[in-house]
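S.K.: My questions all concern the structure below.
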Amino acid sequence: MIELRARDALGLTRLAGLEALHHFSFGQYQDAARGHWGALTTLNHNLLEPRTDMPPHPIDGVDILTIVRKGVIAHRVNMDAVDRTLAGEVQLLCPGRGIVHAQSNPGAKLAEFIELRLRMETVPERVQRRVVKFPNRGHTGRLALLASGFSEDRPAMLLHSRARVFGARMPARGAFDYVLARGRRAYVMALGGSVEVNGQAVGPLEGAAIASEREIRIESRKFAEILLIDVR
């Protein structure tokens, strides 16, 4: 079963300096049919205007991945020193027992970033942060594991749920095959460009929620970038 999430069916939030698309219920956008996909509770595409602050908000119980596509995003945890994530970087933030988190765009240009959250199965005592690079030109054509909750996947960033998050740059006429274990599900998002997931078209910023499929084939006719999230 593949359920497509077309762009015009995504949630939309517009606030001062912020425009966000939501694949799942978030903030002002609430849809009982799209509360989560397994452990995946949030998948947002955000555009944040220059020198704009997002209001502080409490977070607990989820790992947060921030994938910066353009510009820079600054993070402040419990009002401590600012930590910056640059274009092409992926930050994993684990809030431990709970934090107050604030994001901002301190730059002079529009910032574009993806934020996804995964419900934790175990909760560490301390806040944890780590940054890796999203696959670059030297990694085109390969599915790169960014973060995982499986010990055998080290040195990928550590998740606190039995999930895996992959990123990939796909060349023109490229393809990936991914085998989904029994009882698991996946979510594919086209970050840039369009792809086909088991023959079904997924356009830019759109998604495909996948369950009860043993094999997933992702194909690109032109250059594209994707996320693949494997959860239970």
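S.K.: Select from GLY11, HIS101, HIS75 the residue farthest towards the positive end of the dipole of the range 9-133; place +1 on Cβ of Lys and Arg, -1 on Cβ of Asp and Glu, and compute about the Cα centre.
M.R.: Of the candidates, HIS75 comes out farthest on the positive side.
S.K.: Which is farthest toward the positive dipole end of the chain among PHE150, PRO204, THR122, measuring Cα position about the Cα centre, with Cβ charges +1 (Lys, Arg) and -1 (Asp, Glu)?
M.R.: Farthest along the dipole direction, towards plus: PHE150.
S.K.: Please enumerate, by chain and number, the lysines with C-alpha under 18 Å from the C-alpha of LYS109, excluding those fewer than 8 residues away in the same chain.
M.R.: LYS70
S.K.: Which value, in debye to the nearest 20, gives the size of the charge dipole of the range 156-208 about its Cα centre, when Lys and Arg are +1 and Asp and Glu are -1 at the Cβ?
M.R.: The dipole of the range 156-208 has a size of about 280 debye.
S.K.: Let me ask another. When MET170, MET79 are ordered from fewest to most other Cβ atoms inside 10 Å of their Cβ, what list results?
M.R.: Sorted ascending by nearby Cβ count, the order is MET79, MET170.
S.K.: Taking the Cα centre of the range 137-231 as origin and charging only Cβ (+1 Lys, Arg; -1 Asp, Glu), how large is the dipole, in debye to the nearest 20?
M.R.: For this selection, approximately 140 debye.
S.K.: Please report the base-10 log of the normalised intensity I(q)/I(0) for the range 114-202, using a Debye sum with one equal scatterer per alpha carbon and no solvent, at each q in 0.12, 0.21 (1/Å).
M.R.: So the normalised log intensities work out to -0.44, -1.25.
S.K.: Can you pull a Stokes-Einstein diffusion coefficient for the range 9-133 at 37 °C (0.692 mPa s), Rh from Kirkwood over Cα pairs, as a whole number of µm²/s?
M.R.: For these conditions, the coefficient is 222 µm²/s.
S.K.: Dipole magnitude of the range 20-78 about its Cα centre, charges +1 at Lys/Arg Cβ and -1 at Asp/Glu Cβ only, in debye to the nearest 20?
M.R.: With Lys and Arg at +1 and Asp and Glu at -1, about 220 debye.
S.K.: Just for the chain, what percent of DSSP beta bridges are antiparallel, to the closest 5?
M.R.: Around 100 percent antiparallel, to the nearest 5.
Any read-out appearing in this document is the output of simple, stated calculations on the displayed coordinates, not a laboratory observation. None of these values were measured; they are calculated from a predicted model. Don't worry about glycine lacking a Cβ; one is built from the backbone with ideal geometry, like all the others, and counts go over all protein chains shown.
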